[in-house]
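Engineer: So that we are looking at the same thing, I have put the structure below in structure tokens.
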Amino acid sequence: MPPKIITVIGSLNTDLVSVTARVPSGGETLTGTSFHTGPGGKGANQAVAAARLSRANPHSASALKSRKVEDEDILVKMVGAVGNDEFGPKVIAGMKEDGIDVTGIQVVEDQPTGVAVIIVESTTGENRILLNPGANSTLQPQSFLPPSSSPPTPSPFTPPPSLLLLQLEIPLPTILQIITTASTTSPKPTPILLNPAPAVPLSETIYPSITHLILNESEAALLTSRSVEEVEDPGFDWSVVTGEFIEKGVKNVVVTLGSKGAFWASASTEKDKAIKSGFVPAEKVSKVVDTTAAGDTFVGAYAVAVVRAEGEGKGDLDLDKVVRRACKASARTVQKEGAQGSIPWADEV
């Protein structure tokens, strides 16, 4: 049986990471405690997370013993763009090492690879990020039109993936075209997982095309016209927000709540509009080192769990079980420094 395909269309970056005891104030200069570089970008991170969390670590001493049939049941494809500079080839090579199909990555001659300048506060593990999109901004809507049948046009939708992952680090018009095209694939629309980060206002018309919406507190606040202070109140009722997205047409909604956990909601079936919902507490960790790729790890783990669960064909998706798996994976990530370097393999969760 051919593997199920998870296609990620999104950003590929190089991260320039400085670690410091605290973030400097305006006009202040501080000496950092460490510096490192590595591959990043929300699209790339989520692709790496899906690839690693679908199989055992092939580099571990026990890899052959822990190898399972499921290790070959999912293929992750990455679609995006890098520059023809010192960073681009390294980004692609790293993804190949993780078993990701990189044939959809363009190398753009006149643009640099995207760069994220990240400051990590060592006392809390929290980060602040300044993004320079570079080649990511060259992904244009016309590259994602419905594939023509004569002559055949190369497309991330042929064959249609089992799940399509999107974020908002590439141009918004391109995202909107991708959603339109995915909604018209044959024999059925391609399921879409949207992680609207960084958040921007979105058209109400796209929500019925979204199968899975995963967002954090601040993103949920922006997309529902609430203040961050309101949603960060300890007594805030997340069922109200998730219910609003369900009413707009989203099938499954997850709000990640950092160290608190995640709240999920799901419209059970087309005929039954009752909303199921629940809260999953975060996994306890001894120390939070770096939260940079925690959200992307959550998305990747969620995607793998969803694709496998739907492949089993056992009725309604058990979203609580899926979210618990994703919380567990992201808890492993925050205990290591770096973005992709901190993402665990399936046998490490």
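Engineer: Can you give the FRET efficiency to the nearest 0.05 for Thr180 and Lys260, using r as the Cβ-Cβ distance and R₀ = 35 Å? Mind dumping the intermediate values first?
Structural biologist: Working: r = 35 Å, r/R0 = 1.01.
Between Thr180 and Lys260 the formula returns 0.50.
Engineer: Here is a follow-up. Looking at the P(r) of the chain, how many percent of alpha-carbon pairs lie beyond 40 Å? Working shown, then result.
Structural biologist: Values: 5052 of 60726 pairs.
Summing the P(r) of the chain above 40 Å gives 8 percent of all pairs.
Engineer: So how much slack lies between Asp233 and Gln106, counting 0.36 nm per residue of separation and subtracting their Cα-Cα distance, in nm? Display every interim value, and only then the final one.
Structural biologist: Values: separation 127, 0.36 × 127 = 45.72 nm, distance 4.36 nm.
This chain segment gains 41.4 nm when fully extended.
Engineer: If neighbour count is taken as other Cβ atoms inside 10 Å, put Trp264, Trp238 in order from fewest to most. Walk me through the numbers on the way to the answer.
Structural biologist: Values: Trp264 25, Trp238 19.
Ranking Trp264, Trp238 by Cβ neighbours within 10 Å, fewest first, gives Trp238, Trp264.
Engineer: Using r as the Cβ-Cβ distance of Asn84 and Leu172, and R0 as 41 Å, what FRET efficiency do you calculate, to the nearest 0.05? Could the numbers behind the result be given before it?
Structural biologist: Values: r = 25 Å, r/R0 = 0.62.
With a Förster radius of 41 Å, E is 0.95.
Engineer: Per 0.36 nm of contour for each residue apart, how much would the distance between Ile275 and Val240 grow if the chain were fully extended, relative to their Cα-Cα spacing?
Structural biologist: Between Ile275 and Val240, full extension yields 11.5 nm more.
Engineer: Only loop residues by DSSP count here, and only those with at most 14 other Cβ atoms within 10 Å; note down the trypsin sites (Lys or Arg not before Pro) in the stretch 245-298 that meet that.
Structural biologist: Details: sites: Lys248, Lys251, Lys260, Lys271, Lys273, Lys276, Lys284, Lys287; in loops: Lys251, Lys271, Lys273, Lys284, Lys287.
Answer by residue number: Lys271, Lys273, Lys284, Lys287.
Engineer: A further question follows. Restricting to Cα pairs below 8 Å that are 6+ residues apart, what does the relative contact order work out to for the stretch 114-230? Please round to a whole percent. Walk me through the intermediate numbers first.
Structural biologist: On the way: 157 pairs, mean separation 22.0, N = 117.
Value for the stretch 114-230: 19 percent.
Engineer: Stretched out fully, how many nm does the piece from Thr124 to Glu348 gain, at 0.36 nm a residue minus the Cα gap? Could the numbers behind the result be given before it?
Structural biologist: On the way: separation 224, 0.36 × 224 = 80.64 nm, distance 2.36 nm.
Length difference between fully extended and current span is 78.3 nm.
Engineer: May I pose another question? Restricting to Cα pairs below 8 Å that are 6+ residues apart, what does the relative contact order work out to for the chain? Please round to a whole percent. Walk me through the numbers before you get to the answer.
Structural biologist: Details: 773 pairs, mean separation 66.1, N = 349.
Reported as a whole number, the value is 19 percent.
Engineer: Using a Gaussian network model of the chain whose springs link C-alpha atoms within less than 10 Å, name the residue from Leu165, Leu16, Leu215 with the highest mean-square fluctuation.
Structural biologist: Answer for the Gaussian network model of the chain: Leu16.
Engineer: Nearest 500 deg cm²/dmol is fine: what mean residue ellipticity at 222 nm does the chain get from its DSSP H runs of n ≥ 4 alone, each adding -39,500 (n - 2.57), divided by its residue count? The partial results should precede the final answer.
Structural biologist: Values: 9 runs with 92 residues, N = 349.
For the chain, the value works out to -8000 deg cm²/dmol.
Engineer: For Ser225 and His59, what does the FRET efficiency come to when R0 = 35 Å and r is the distance between their Cβ atoms, rounded to the nearest 0.05? Could the numbers behind the result be given before it?
Structural biologist: Numbers: r = 47 Å, r/R0 = 1.33.
Taking R0 as 35 Å, the efficiency between Ser225 and His59 is 0.15.
Engineer: A further question on this structure: Using the alpha carbon gyration tensor of the stretch 1-151, what are the three equivalent-ellipsoid semi-axes (square root of 5 times each eigenvalue), largest first, in whole Å? The partial results should precede the final answer.
Structural biologist: Numbers: eigenvalues 194, 113, 29 Å².
Each semi-axis is √(5λ); the values are 31, 24, 12 Å.
Engineer: Can you order the peptides 188-198, 330-340, 295-305, 5-15 by their average number of other Cβ atoms within 10 Å per residue, highest first? Intermediate results must be reported in sequence, preceding the final value.
Structural biologist: Values: 188-198: 19.9, 330-340: 22.5, 295-305: 29.0, 5-15: 27.5.
Those peptides, ordered most packed to least, come out 295-305, 5-15, 330-340, 188-198.
Engineer: Could I have the simple spin-label model distance between Asp320 and Ser286, label points 7 Å from Cα toward Cβ, reported in nm to one decimal?
Structural biologist: 3.1 nm
Engineer: Taking every pair of Cα atoms in the stretch 174-320, average 1/r, invert it to obtain the Kirkwood radius, and report Rg/Rh to two decimals.
Structural biologist: Dividing the radius of gyration by the Kirkwood radius yields 0.95.
Values in this text are rule-based calculations from the coordinates and carry no lab data. Not measured: the values here are computed from a predicted model. Every residue, glycine among them, receives a Cβ derived from its backbone with ideal geometry; neighbour counts consider all protein chains shown.
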